[in-house]
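Q: The structure is given below, and queries will be raised subsequently.
The values are calculated or read from the model by the stated rules, or taken from the named source; none is laboratory data. Given the structure is predicted, the values throughout are model-derived calculations rather than measurements. Here Cβ is always computed from backbone atoms with ideal geometry, including for glycine, and neighbour counts include all displayed protein chains.
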């Protein structure tokens with residue numbers, strides 16, 4: 001191993017190495033979205049540029065690799081190992097295997113910069129996507145929410161208390177989040193995080209923090225949880241159309257209103273009383289009535305929900321022929337399920353179901369880094385789709401992730417590759433990704449049961465410290481759930 005030493009030294013790392021090489025080559029679609037200049041500008045704006053061994057670039061690259069991997073490969077030790085390998089191959093200089101320096105450098109990444117970078121990736125890709133992948137030349141955006149847990153530390157518990165039904169010491173801190181996702185690109189445009197319970201922590205309250213994600217002419221699609229007067233009012237005031245499932249507590253009567261067709265009519269919602277969270281000035285700005293179109297349909301396929309779907313929308317014209325037919329609206333609302341699949345990709349493939357960071361600040365950094373990585377994968381799929389003519393959502397997210405990781409592991413350790421060879425490599429890999437299509441399984445349905453048996457161990461009903469104390473005194477009779 002002559003010529004290779006392990007010592008503190010400057011390790012050169014280009015910002016372009018932070019992202020998949022498939023997106024940074026001149027001549028490829030979306031090449032400017034994740035260019036080195038953009039990343040450097042965003043982090044400089046938030047005071048997040050730092051150098052030496054663990055520079056902003058190499059820490060971001062290693063952090064992205066962590067959230068894209070699973071199991072032991074996602075540990076900080078694994079991240080340091082990859083950094084050390086890169087430095088050995090490119091500079092003949094290794095780094096100390098101790099993870100503390102990397103963890104301290106990771107904590108320097110500004111949360112604001114990570115969030116801005118994730119948002120810019122999504123917004124720019126939304127604007128540059130081919131119009132043929134839009135819905136009738138309209139930018140449709142999906143709204144949905146979920147939760148994630150985090151490491152059970154005192155700091156996390158104070159910021160995000162565990163569920164109220166759980167006893168102290170036997171639960172995990174839990175957070176709620178809401179995302180706005182592009183229907184065309186599947187990128188997360190922005191997200192809002194809050195406690196799981198308490199005032200202004202519900203999904204509609206978090207959505208009010210994300211209204212800036214919508215522009216005039218967009219169409220918002222969401223399930224019936226968001227189908228209330230105030231959400232519709234806020235969006236329509238911005239010139240945004242809505243397509244929501246009607247809330248189950250609202251009465252439906254197709255004998256009223258102006259009839260358009262069978263189970264299809266126009267109705268009027270009146271402004272309710274002012275809620276506690278709304279100021280008098282804002283309440284006065286809200287419209288007194290909202291004109292909506294209401295349709296009802298049933299999915300007549302084996303294994304599907306047979307209960308009627310009632311959808312409310314502003315996609316209608318007051319005079320003349322309807323802009324959207326009854327069937328088009330029913331089909332369009334069916335795309336709402338894509339938000340569920342996107343959340344599954346983020347939480348399962350990107351490991352957002354449970355975050356292992358010990359403090360709320362690091363939890364936030366991991367959350368936004370996960371969304372950067374997710375958007376980078378989706379952007380790679382969009383690039384592949386543009387080259388091949390395949391709709392971006394037909395391309396497998398999981399397999400695209402595998403190709404991206406393989407490219408990172410290969411190209412990050414190569415000192416120099418001729419530009420023409422790198423462009424050819426990228427184009428060929430993107431065309432391979434375009435052949436990784438998700439299965440076309442219309443009418444697929446599955447029973448909601450598990451075949452794999454779970455562990456024989458019961459669930460904890462007392463804090464671990466209490467159980468260990470009882471074991472230490474020979475008491476093995478503690479209860480489980």
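Q: Which residues, taken from the range 67-124, are at pLDDT 90 or above and touching a strand residue (DSSP E or B) at 6+ places or on another chain (Cβ under 8 Å)?
A: Within the range 67-124, 115, 118, 119, 122, 123 qualify.
Q: Can you go through 13, 43, 50 and tell me which one is modelled with pLDDT of 75 or more and either touching a strand residue (DSSP E or B) at 6+ places or on another chain (Cβ under 7 Å) or assigned to a loop (DSSP other than H, G, I, E, B) (or both)?
A: 50
Q: Let me ask you something else. Of everything in the range 379-401, what is assigned to a loop (DSSP other than H, G, I, E, B) and free of Cβ contacts under 8 Å to residues at least 40 places away in the same chain? Give them in sequence order.
A: 389
Q: Let me ask another. Among the residues of the range 179-186, is any touching a helix residue (DSSP H, G or I) at 6+ places or on another chain (Cβ under 9 Å), on the phi > 0 side of the Ramachandran plot and either in a strand (DSSP E or B) or touching a residue at least 60 places away in the same chain (Cβ under 8 Å) (or both)?
A: yes
Q: Now for a separate question. Where the second residue is surrounded by 20 or more Cβ atoms within 10 Å (Cβ to Cβ) and the first is modelled with pLDDT under 90 and lies in the range 330-352, which pairs have Cβ atoms under 7 Å and are six or more apart or on separate chains?
A: Cβ pairs passing all conditions: 349/397; 349/401; 350/67; 350/370; 350/373; 350/374; 351/67.
Q: Does residue 64 meet the test of being part of a helix (DSSP H, G or I) and at pLDDT 55 or above?
A: The answer is yes for residue 64.
Q: Do we have any residue at all in the range 215-224 that's buried (at least 20 other Cβ atoms within 10 Å of the Cβ) and either in a helix (DSSP H, G or I) or in contact with a helix residue (DSSP H, G or I) (Cβ under 6 Å, 6 or more places away or on another chain) (or both)?
A: Checked the range 215-224: at least one residue is buried (at least 20 other Cβ atoms within 10 Å of the Cβ) and either in a helix (DSSP H, G or I) or in contact with a helix residue (DSSP H, G or I) (Cβ under 6 Å, 6 or more places away or on another chain) (or both).
Q: Quickly run through the range 87-104 and pick out the residues that are crowded, with 21+ Cβ neighbours inside 10 Å and part of a helix (DSSP H, G or I).
A: 87, 102
Q: Here is a check on your reading of the model: is residue 236 in a helix (DSSP H, G or I) and surrounded by fewer than 20 Cβ atoms within 10 Å (Cβ to Cβ)?
A: So residue 236 fits the description; yes.
Q: Could you list, in sequence order, the residues of the range 348-360 that are out of contact with any helix residue (DSSP H, G or I) (no Cβ under 7 Å at 6 or more places or on another chain) and either closer than 17 Å to residue 376 by Cβ or part of a strand (DSSP E or B) (or both)?
A: The answer is 354, and nothing else.
Q: While we're on this one: Name the residues in the range 125-173 that are in contact with a helix residue (DSSP H, G or I) (Cβ under 9 Å, 6 or more places away or on another chain) and assigned to a helix (DSSP H, G or I), would you?
A: Correct list: 125, 128, 133, 155, 156, 158, 159.
For every residue, the table says whether it meets (1) within 30 Å of residue 166 (Cα to Cα); (2) modelled with pLDDT of 85 or more.
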| position | (1), (2) |
| --- | --- |
| 390 | no, yes |
| 415 | no, no |
| 430 | no, yes |
| 433 | no, yes |
| 439 | no, no |
| 481 | yes, no |
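Q: Could I ask something else about it? I'd like to know if the range 105-120 contains one or more residues that are touching a helix residue (DSSP H, G or I) at 6+ places or on another chain (Cβ under 9 Å) and over 30 Å from residue 211 (Cα atoms).
A: There is at least one residue in the range 105-120 that is touching a helix residue (DSSP H, G or I) at 6+ places or on another chain (Cβ under 9 Å) and over 30 Å from residue 211 (Cα atoms).
Q: Quick one: is residue 370 crowded, with 24+ Cβ neighbours inside 10 Å, in contact (Cβ under 8 Å) with a residue 24 or more places away in the chain and under 14 Å from residue 184 (Cα atoms)?
A: Criteria not met by residue 370.
Q: Go over the candidates 124, 156 one by one and state the one that is under 20 Å from residue 240 (Cα atoms) and crowded, with 16+ Cβ neighbours inside 10 Å.
A: One residue alone meets the criteria, 124.
Q: Which of the following residues is at pLDDT 85 or above, under 25 Å from the mean Cα position of the chain (by Cα), over 30 Å from residue 168 (Cα atoms) and in a helix (DSSP H, G or I): 376, 406?
A: None of the others qualify; the one that does is 376.
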